[in-house]
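Colleague: Below is the structure I would like to discuss, written out as structure tokens.
Please treat every number below as a calculation from the coordinates, not as lab data. The structure presented is a predicted model; accordingly, all values stated were derived computationally and were not measured. Positions of Cβ are generated from backbone atoms using ideal geometry, with glycine treated the same way; all protein chains shown enter the neighbour counts.
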Amino acid sequence: MQLAQVLQVLMGGVAQGCIYGLIALGFCLIYKATETVSFAQGDLMMLGAFLGLTLLTVAGLPFWITVPSVILAMGLFGMLLERLVVSPILGQPAFSIVMLTIGIGYVARGAITMIPGMGTDTRALEVPYKGEVLEFGGVVLAVEQLVIVATTAVLCAALFALFKYSRVGIAMQAASQNQIAAFYMGIPVKRLNGLVWALAAAVAALAGLLLAPITFVHANMGFIGLKAFPAAVVGGFGSLPGAIVGGLVIGLVEALSGFYLPEGFKDVAAYVVVLVMLMFKPNGLFGESLRKKV
Amino acid sequence: MRFLFKTRYDQDINLAKHGGHVGWYGALLLLLVAAPWTFPDYWLAQLTFVLIYGIVGLGLMLLSGFTGLFSIGHAAFLGVGAYTQAVLAAKGWPFPVSMAVAALLSAGVGAMVGLPALRVKGIYLGIATLSFAAIVEEGLARWESVTGGNAGMAVASLQAFGWSFDSSEAFYFVCLVCSVGCTLAVLNLLRSPTGRAFVAIRDSEVSAQSMGIHLAYYKTLSFALSAGMAGIGGALYAHKIRFLSPDQFNILQSIDLLLMIVIGGVGSVHGAFLGAIFLITMPQLITLAKDYLPEAVGQAPGLQAVVYGLVLIVFVLFEPLGLYGRWLKIRTWFQLFPFYRQGLFKRQKSFQKSDRLK
């Protein structure tokens, strides 16, 4: 066993973990702001990847225009989704919204499959950095993975700044702590909810664009969202840094169990981790532990 | 409008509240018993599926609709039941015994999953069940010496004590007896102290606990009963479908089961069966509708997913009580005939309440 090989496996795990983390970030944003869980996050990612594919291949736009326009378009789509279907049932039991987002996921997946000539294919997303590798003293690293890690880091910094310094971010924090109180303070909670959904959809679209070069673009790629749930739980649902850390944990555990353990363990590793986590530390690594005082 | 004049306390817990119930449910039972002679073979097979899914739905309804614990991994229990039944049937065990073992094994697994339910709630529980289901599915695929792995395994026909239930009519009656039995069991459970405790836990854990309900015990019990019923359903499913493979019990199946009870109507026994009817007949309706749709839409593979998703969204948005709720509204409209008001069943508007402090 060489060190280089282990490092490569770790790098793969980190890259995959960043993708999980980005999707989990979407869950956490929505959960923090509206206390609801969106099961459509993986499918939003799929939509983003398909939109990117369409713009690149059918419309023939250059890559550097495609990326921001996909993110913007998915952001608008997320806001539209919130306005049309999610906001009417806010305040209903959390489970209704879970079912609603499952429904949205179904529709998104089915609608993509229905596009003739594209929906049922698996295609690769042609990005400028595809297939390039960098070598550091025997360790071969794929540029795709490095881009994922770098983008995630930049995005995290941007989100941190948003929540720490901007008016909107601080308003979002207030609304996530107590919506009624925030509303009384004059914060437009409804508009913020729309913004949060837009942000979550945009992050999902970015994850889709990042993931597409290392896997393929197909209608079922949204199922990766199911593995982002463990990431969100391990980090502590509702904690933004926790989502990324949880994603990294899941990605690394998966990569290592794929490397050291027999076949089959890789697919369930994430779920085993989350079950253990729920048994011993249900609030996750960074979760806030709140108790109701009577 | 019917006014019930109660003269005994027993009337509060009677299964049939009035003569109308006896008449209508008796007629339904007669129709079901006569079905093999009145329905064509194809529809009898569909009806058998409705009964099987109805049993599974009843189990999930008990857990989600009446105890308020949502499971996004119920297909795992279905799978455990189905594979147990398949393995035992291959060994020549008589049907009632093997089905009991399948139900017990599923119930045991359910109780095990119920353990994290004692510490976590809400969405965490959903994720715990989802994770568990994924592990079970992978286990079924990898334990090749018993389950045949991804290649699948064939299931022997149903037999007990020298009798063979080979024909579809005989098998239909087995399913009918099982589903009627399960329905009666659930109804009976719901009017007993145990069922009342379940409903109390659903409505408010804190109040249930302060009334002396042992949360851990009742939650585990609910999980075990629900999984046991899924196991019975799974045992019948194995014999109906005749060929098992792990991907029949994946996350999509779990979501289909949830979709079934949400569309049927969460929190009603009728809902389980109405949802099962929806789940089984919808693909047929879509197939029928395909001929009238333009080719680009009708022949597309994603049509079914889109229809399911849209129906689910529409129900959650506009009819949260599901098909059964719609029926209640229609019935009330007739009962109150000129006096039905729009707002009679209106959902109460509420602001977002935090679950985090529960």
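Colleague: Would you please calculate the Kirkwood hydrodynamic radius of the protein assembly as shown over all C-alpha pairs and express it in Å, rounded to one decimal?
Modeller: Computed over Cα pairs of the protein assembly as shown, the Kirkwood hydrodynamic radius comes out at 26.3 Å.
Colleague: Something else: Could you size up the charge dipole of chain A around its Cα centre, putting +1 on the beta carbon of Lys and Arg and -1 on that of Asp and Glu, and report it in debye to the nearest 20?
Modeller: 1060 debye
Colleague: Give me the distance between the Cα centres of the range A:1-66 and the range B:83-108, rounded to whole Å.
Modeller: Rounded to whole Å, the Cα centres lie 43 Å apart.
Colleague: Positive end of the dipole of the protein assembly as shown, charges at C-beta (+1 Lys, Arg; -1 Asp, Glu), about the Cα centre: which of B:Leu323, A:Phe50, B:Ala82 has its Cα farthest in that direction?
Modeller: Of the listed residues, the answer is B:Leu323.
Colleague: Right, another one. Would you please name the trypsin sites (Lys or Arg not before Pro) within the range B:69-157 that are DSSP coil residues with at most 16 other C-beta atoms within 10 Å of their C-beta?
Modeller: Passing both the DSSP loop test and the Cβ count: B:Lys91, B:Arg119.
Colleague: Which whole number gives the average, over all residues in B:133-139, of C-beta atoms from other chains lying within 10 Å of the residue C-beta?
Modeller: Counting Cβ atoms of other protein chains within 10 Å of each residue's Cβ and averaging gives 4.
Colleague: If you don't mind, another one. On a C-alpha basis, how far is the centre of the range B:123-159 from the centre of the range B:217-289 in Å? Whole number, if you could?
Modeller: 16 Å
Colleague: Give the range of the longest stretch in chain A that excludes all trypsin sites (Lys or Arg not before Pro) found in loop regions by DSSP and having at most 12 other beta-carbon atoms within 10 Å.
Modeller: Counting only loop sites that pass the neighbour cut-off, the longest clear stretch is A:1-290.
Colleague: For B:Asp291 paired with A:Ile65, estimate the spin-label separation in nm (one decimal), with each label point 7 Å from Cα along the Cα-to-Cβ line.
Modeller: 4.9 nm
Colleague: A follow-up question, please. Using only C-alpha positions, report the orientation-averaged shadow area of the convex hull of the range A:1-121, nm², one decimal.
Modeller: Result: a mean projected hull area of 10.4 nm².
Colleague: To one decimal place, what orientation-averaged projected area in nm² is obtained for the convex hull of the Cα set of the range B:73-130?
Modeller: Averaged projected area of the range B:73-130's Cα convex hull equals 3.8 nm².
Colleague: Where nothing but the Cβ of Lys and Arg (+1) and of Asp and Glu (-1) is charged, how large is the charge dipole of the range A:123-248 around its Cα centre, in debye to the nearest 20?
Modeller: For the range A:123-248, the charge dipole is close to 540 debye.
Colleague: How many angstrom separate the Cα center of the range A:189-228 from the Cα center of the range A:109-174?
Modeller: Comparing the Cα centres of the range A:189-228 and the range A:109-174, I get a distance of 9 Å.
Colleague: A further question on this structure: Can you run the Rg to Rh ratio on the range A:230-279? Use alpha carbon positions and the Kirkwood inverse-distance Rh.
Modeller: 1.01
Colleague: I would also like to ask the following. If you build the convex hull over the alpha carbons only and average its shadow over all orientations, what do you get for the range A:142-294? Give it in nm² to one decimal.
Modeller: 11.6 nm²
Colleague: Restricting attention to the range B:244-297, which chymotrypsin sites (Phe, Trp or Tyr not before Pro) occupy a DSSP loop and are surrounded by at most 15 other Cβ atoms within 10 Å?
Modeller: When the chymotrypsin sites (Phe, Trp or Tyr not before Pro) of the range B:244-297 are filtered for loop state and at most 15 Cβ neighbours within 10 Å, B:Tyr292 remain.
Colleague: Hey, another quick one. Given 0.36 nm per residue, what is the gain on full extension from A:Ala161 to A:Val9 after removing their alpha carbon distance, in nm?
Modeller: Going from the current span to full extension adds 51.6 nm.
Colleague: Label chain B by shape, choosing from rounded, prolate and oblate, from the square roots a ≥ b ≥ c of the eigenvalues of the Cα gyration tensor; if a/c is under 1.5 it is rounded, and otherwise prolate applies when a/b is larger than b/c, oblate when it is not.
Modeller: Rounded.
Colleague: Restricting to DSSP loop positions (anything but H, G, I, E, B) with no more than 13 other Cβ atoms inside 10 Å of their own Cβ, which trypsin sites (Lys or Arg not before Pro) remain in the range B:208-287?
Modeller: Those that pass, being in a loop and sparsely packed, are B:Arg242.
Colleague: Still on this structure: Taking R0 as 51 Å, what's the FRET efficiency between B:Lys17 and A:Val133 from their Cβ-Cβ distance, rounded to 0.05?
Modeller: Calculated transfer efficiency: 0.10.
Colleague: Given all pairs of different Cα atoms, what value in angstroms does the Kirkwood hydrodynamic radius of the range B:13-124 take?
Modeller: Mean inverse Cα-Cα distance, inverted, gives 17.0 Å.
Colleague: Can you list, bin by bin at 10 Å, the percent of alpha carbon pairs in the range A:101-206, starting at 0?
Modeller: The distribution over the range A:101-206 is 11, 25, 26, 23, 12, 2, 0, given as percents.
Colleague: Okay, moving on. Using the 2.2 N^0.38 Å rule of thumb for compact globular proteins, work out how chain A stacks up: its C-alpha Rg over that value, please.
Modeller: Against the empirical 2.2 N^0.38 Å value, I get 1.00 for chain A.
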